[in-house]
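Down below is the structure, laid out as structure tokens.
The values are calculated or read from the model by the stated rules, or taken from the named source; none is laboratory data. Bear in mind the structure is a predicted one, so any value in this text is a computation, not a measurement. Cβ: placed from backbone, ideal geometry, glycine included. Neighbour counts: every protein chain shown.
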Amino acid sequence: MSPRHPDCHGNLINTPLRFAGADGWLVLRLVGLLVFLGAASSCPINCDCHSKTSLVQCHPSSPQEIPEDYPHWVQNLSITNSNIPILRSSTFRRNGTNLHNLTTLILVNDNLQAIEARAFSDLPRLTTLDMSLNALRNLPGEAFAGLSHLRVLKLNQALGEPSLIFNLPWTQHLRSLQTLEVSGNGLQSFPLALMDLENLQMVHLGNNSIQRLSEEEISVLRDRKIRIYMSLNPFICDCRIRDMVYWLHNSSQTLDAQNLRCSEPPDLNGSLVFNLKVDSMKCKNEDLETASYVFFGIVLALIGVIFLMVLYLNRRGIKRWLNNFREACRDQMEGYHYRYEQDSDPRRSNASTGI
């Protein structure tokens, strides 16, 4: 606001504010800098900004929308309970603020279904990515391109297609990954494809559909010394789980080994896997019975084939034998017929009476 001075008649008039020389330019630059910092520190709509912790928490109200113009100091960004079905390659590139310093990104419960190639390439310093509670159905090989420093990836209840975890190409850019969480995704076995992650140290496999760990899976885990969580899986505690029980007793790799429980057979439902007596375990008979029926059917089929081959190879001899048998039967029948005619001849009857 310009200062007011009296004129020659005693009236107050506005006098334009003038800056002289370098001092004036300095003041203008300071004002411009303050305006710029104020704009850069503004918080996006529907977001809460906490400068002391470098955290921005957003709950977008508009569907398929990610807020823009984040504060320059943001390092931890949380976007939750939104509707972002596709994470496009330009999602973080179009934002008004440079996010190259972002280290933690949380995209939880955002109805995320697909990730385009190189969607995170503009977040080179990201170390933690949480995409839990989504429904991913498309995970291309270049989905995590550019995340060479990512150490923690959380995909709990996030895979609409459990087979995605076995799709090896998406792991090729996660060479620094140390912790992977894939709980609640309906996995039926340990995804050995993850062994391509050379720095992987811990895997969360809880609340899936794993019934047991095979001898091969145990061997791989033992060699890599990977630690795992496996509670809330429906383990079948028959003789086929013996290798796993031995491993639980002799290894500390399963961090929740004391919490694993049996779901079958019924008499062991709820029992702790760790407390099982290996020598008393019995296998389920269903598979054995099925195998027995299949084997019995195969044996019968082989016997039938052999019988038909024997008949075919001896067809001439069998035909000759049948002809001989028929002739013998005919001779026998003719003999019976001749005797019947002799016995019924009236002349023989009269002769016998006359005597």
Any residue in the stretch 268-286 that is farther than 30 Å from I236 by Cβ, of a type in the set (V, I, T) and modelled with pLDDT of 80 or more? no
Of all strands (runs of 3 or more DSSP E) fully inside the stretch 108-207, the set with 1 or more residues that are touching a residue at least 40 places away in the same chain (Cβ under 8 Å) and farther than 20 Å from S78 by Cα is 202-204
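Restrict the check to the stretch 214-233 and report whether at least one residue is in a loop (DSSP other than H, G, I, E, B), at negative phi, exposed (fewer than 14 other Cβ atoms within 10 Å of the Cβ) and under 26 Å from the mean Cα position of the chain (by Cα).
no
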So, in the stretch 56-84, of the ones that are surrounded by fewer than 17 Cβ atoms within 10 Å (Cβ to Cβ) and part of a strand (DSSP E or B), which residue ends up modelled with the highest pLDDT? N76
L102 - would you say it is touching a Ser or Thr at 6+ places or on another chain (Cβ under 9 Å), crowded, with 19+ Cβ neighbours inside 10 Å and not charged (D, E, K, R)? no
Here the residues within the stretch 91-129 that are at pLDDT 90 or above, β-branched (V, I, T) and farther than 17 Å from T171 by Cα are T103, T104, I106, V108
